[in-house]
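The structure appears below as structure tokens.
Taken together, the values in this text are just the output of simple stated rules run on the coordinates, not laboratory data. Here the structure is a predicted model, which is why all the values come from computation and not from measurement. Glycine gets a Cβ as well: all are built from the backbone with ideal geometry, and neighbour counts include every protein chain shown.
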Amino acid sequence: MPAPLSAVRVTPRERLIVTIARLLEGCRHVAVGASSPMPAAGAMLMRAMREPEEEPMRISILGSMAHNFFTNGGVELFDCAAQGRIDAFFLGGGQIDGAGNINLVGAGPYPHSTVRWPGSFGSSYLSFVVPRIILFREEHSRRVFVEKVDFISAPGSSPPGVFRTGGPHALVTGLAQFSFDRKAGRFRLETIHPGQTLQDIRAATGFDFDHAPEPATTPDPDARSLALLRGRVLEELAEAYPEFARSLRTDIAALA
Amino acid sequence: MAAIPGIVPDIAIFHAPVADRFGHVLIGRWRELAIMAYAARRTIVTVERVEDGNLLAAEDAVAGMLPALYVDAIAVAPRGAAPYGLWGEYTANAAEIARYARAARTPEGFQDYLAATGLQPEHA
């Protein structure tokens, strides 16, 4: 039986942003890397939702001038993370496998990759020192979620005795949300987005994962989150991601 | 840092809004540009404009400058970052970037795109 369709009118991308925001509960400082409009929106949304609280959530959006605390170049993100000053960071992957390994290098046998991606950059390092690594990939397909990645940019878990304070915490896709068990090195399907079935998720996932007999449906955004997202967050987002903000506004307008 | 030798690029090249006549360059918070220049043997900077004063003169702004010590050449290239954006100057043109990305899928498309910009090197 498919997860029930949503009662509120909400675009798929809004649901992903709200799902991402929920995963940032309790964070003091969230950093967002380049080319990540939905994680940036999720972080902005969580910050806005927390506003009445005494201790604000800080966010550092790389590429933004208005929403960025870094003033000392790329090196500052890494130093800051090593000192434990960053609670959450986002990583994606051309491929992600069932052990939480991500591949940002390319498909095919390295170094003879047939498809090249942006490169590992600081992913491995950050994955070792940021406690809440949130994996995000909108495309949920077997070419992305593979049994074993062709190249490990950042490993999902490390052998006992390896000093590691960080690692994958959750995985958000266009179809579902998973948690990651670092000890077992496995994903657990937590919620399915409305309209999808467990079978759909299985069919689109190239690896095995744990799940409840009947996984829950990803909750709808509540009215307050949605209002903040459609108002303040979209305005804030337009500075660093004008195209994304424009296209999301168009989608939202088309709902009416 | 001890295990892996640093990279020494022959040339670093980037675009910035302003240089002064001494060759100091405004880089603001984008300190990666300074790191590139420190690492490279030679650094070339294109800018929107050259100003008359001394960018290192004001204490509250000096930390956002790359001193001429690390800069080998400056060239004025108005809208030199386009179709990408340049902070404080102009925003990115997404439609044009998409057009470029489509053109650059083939060597012929790339050559045609370059020819249309009038930016082809003289000895191409």
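Ignore the peptide's own chain and count Cβ atoms of other chains within 10 Å of each Cβ in B:83-94; give me the average, rounded.
The per-residue average across the peptide is 1.
Peptide B:10-17 is shielded by partner chain Cβ atoms: per residue, an average of 0 of them sit within 10 Å of its Cβ. Between the listed residues B:THR91, A:TYR110, B:ALA57, the Cα displaced farthest toward the positive end of the dipole of the protein assembly as shown, a dipole computed from Cβ unit charges relative to the Cα centre, is found at A:TYR110. The stretch A:7-30 and the stretch A:154-197 have Cα centres lying 17 Å from one another. Using the average count of surrounding beta-carbon atoms within 10 Å as a protection proxy, the listed peptides A:238-251, B:48-61 rank, highest first, as A:238-251, B:48-61. Hey, could you get me the Stokes-Einstein D for chain A, Kirkwood radius over alpha-carbon pairs, 20 °C and 1.002 mPa s, rounded to whole µm² s⁻¹? Taking Rh from Cα pairs, D becomes 114 µm²/s.
Net charge dipole, the stretch A:44-164: roughly 320 debye, given to the nearest 20, about the Cα centre with Cβ charges of +1 for Lys and Arg and -1 for Asp and Glu. Per-residue shielding of B:23-31, expressed as the average number of other chain Cβ atoms within 10 Å of the residue Cβ, stands at 2. For the stretch A:91-201, the gyration tensor built on C-alpha atoms gives an oblate shape. Its axis ratio a/c (a ≥ b ≥ c) is at least 1.5, and a/b is not larger than b/c.
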